[in-house]
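> Take this structure, written in structure tokens, and hold onto it; I'll ask about it next.
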Amino acid sequence: MTFAFNSVLPTVTRLSRWALSAALLCAGAAQAQMSVSPLVIEAQANRGQAQAIINVTNTSNQPFRGRVYAEPFTYGDNGFQSLESSPNDLTPYLQFSPRELTVPPGVQRRIRLITRFPPSLPDGEYRAVVFTETLQETTDSGGNSVALTARIGTTIYVRQGELSPNLTVESGSWNSELGQIQVLVNNTGMASARAAVSWRLKQGDTVIDMGSLKPTGIVAESQRQFLLNYPDEGQLAAGQYQLTGELIWAEDDERRTQPFSVDLMIPASATN
């Protein structure tokens, strides 16, 4: 299995088609002590097997002990979510070692991952997040010893069979809570994707504004609201608008696009 870099999604290590952003929990504490790479792994199973490596580096001046464990996950409107169970859970087929590690200052350790699918497993994309967790001892203002847990997750996608995403924008709407425009993206394909959005907002023949949204992950066979973060300042006048543009993602090392055009109603309450 070879690694390459995705020209559309330059911060993500790829093994086949695309990658989602990884989960970083307690990121400040974790990044002060360790770094993990790659943060996202995607693999195509060959005869039911796939392999990969996660590199864990101690970036502090003190040794640390860590443990490694895996959980199923998904992405929704609130971002990354760990799950107790999932039909796309990779963890029953995922083996990794070591499960515990001690890393001296400035040293890098490897975690080896092996996926083995049974012959009866149906084609599909199977996902897991592999957390590297450290326990850091510190003291509070009263001089008491306090244990801080920090973890960084690498999201892993292994595909059984030839699978592709199928992305469309279903609708545009006004998010009254955040005061911003959002678009509902539907992925009816059996593969996840990470899509950027290039958009243009018009009212009649007048172009109000245009912009882009950085790549956002959407897992296979799901929907997700993509928040355009517009307007940044001020308010839009109530009325009917047209939102056009295209979704942009990478598949098989090629740039894919899907144009869209949806109506957008800004309610009077949004301008109050």
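The values are calculated or read from the model by the stated rules, or taken from the named source; none is laboratory data. Computed from a predicted model, the values in this text were never measured in an experiment. Note that we place each Cβ from the backbone using ideal geometry, even for glycine, and neighbour counts take in every protein chain shown. Note: areas computed on protein heavy atoms with side chains; ligands, DNA, RNA excluded. Shrake-Rupley method; radii C 1.70, N 1.55, O 1.52, S 1.80 Å.
> Nearest 20 debye, what's the magnitude of the dipole of segment 67-212 about its Cα centre given +1 on Lys and Arg Cβ and -1 on Asp and Glu Cβ?
620
> Once R0 is set to 51 Å, what does the formula 1/(1 + (r/R0)^6) return for the Cβ-Cβ distance between Thr257 and Gln108, expressed as a FRET efficiency to the nearest 0.05? Please report the intermediate quantities before stating the final value.
Numbers: r = 38 Å, r/R0 = 0.75.
In this case the efficiency is close to 0.85.
> In nm, what is the difference between 0.36 nm times the number of residues separating Gln235 and Thr206 and their Cα-Cα distance?
On the way: separation 29, 0.36 × 29 = 10.44 nm, distance 1.68 nm.
Length gained, Gln235 through Thr206: 8.8 nm.
> Considering only protein heavy atoms and a 1.4 Å probe, what is the carbon-and-sulfur percentage of the accessible area of segment 30-123?
Using a 1.4 Å probe with all protein chains present, segment 30-123 comes out at 44 percent carbon and sulfur.
> Convert each backbone phi in segment 174-179 into a coupling constant with the Karplus relation 6.51 cos²θ - 1.76 cosθ + 1.60 (shift: θ = phi - 60°), then list the ³J(HN,Hα) values in order as whole Hz, x for Gly and Pro.
9, 8, 5, 5, 9, x
> Turning to a different aspect of this structure: What is the percent carbon and sulfur in the accessible area of segment 165-263, measuring with a 1.4 Å probe over the protein chains and ignoring ligands?
Working: 1910 of 4810 Å².
About 40 percent, which is the carbon plus sulfur part of the accessible surface.
> How much length is gained if the chain between Thr149 and Arg116 is pulled fully straight, taking 0.36 nm per residue apart and subtracting their Cα-Cα distance, in nm to one decimal?
Separation in residues times 0.36 nm, less the Cα-Cα distance, equals 8.8 nm.
> Shifting gears a bit: Once you charge only the Cβ atoms, +1 for Lys and Arg and -1 for Asp and Glu, what is the size of the charge dipole of segment 61-118 about its Cα centre, to the nearest 20 debye?
Details: 7 positive and 5 negative charges, 101 e Å.
Here segment 61-118 has a charge dipole of around 480 debye.
> Would you mind getting me the FRET efficiency between Glu170 and Thr57? Use the beta-carbon distance for r and R0 = 35 Å, nearest 0.05. Mind dumping the intermediate values first?
Working: r = 42 Å, r/R0 = 1.20.
Computed FRET efficiency for Glu170 and Thr57: 0.25.
> Okay, moving on. Express the accessible area of segment 149-272 per residue in Å², computed with a 1.4 Å probe while the remaining protein chains stay in the model.
Ligands and nucleic acids excluded, the result is 46 Å² per residue.
> Quick one: compute the contact order of segment 157-272, relative version, from alpha carbon pairs under 8 angstrom and 6+ residues apart, as a percent.
Reported relative contact order: 28 percent.
> Once fully extended, how much extra length lies between Ser86 and Arg65, figured as 0.36 nm per residue of separation less the alpha-carbon to alpha-carbon distance?
Gain on extension, Ser86 to Arg65, equals 4.6 nm.
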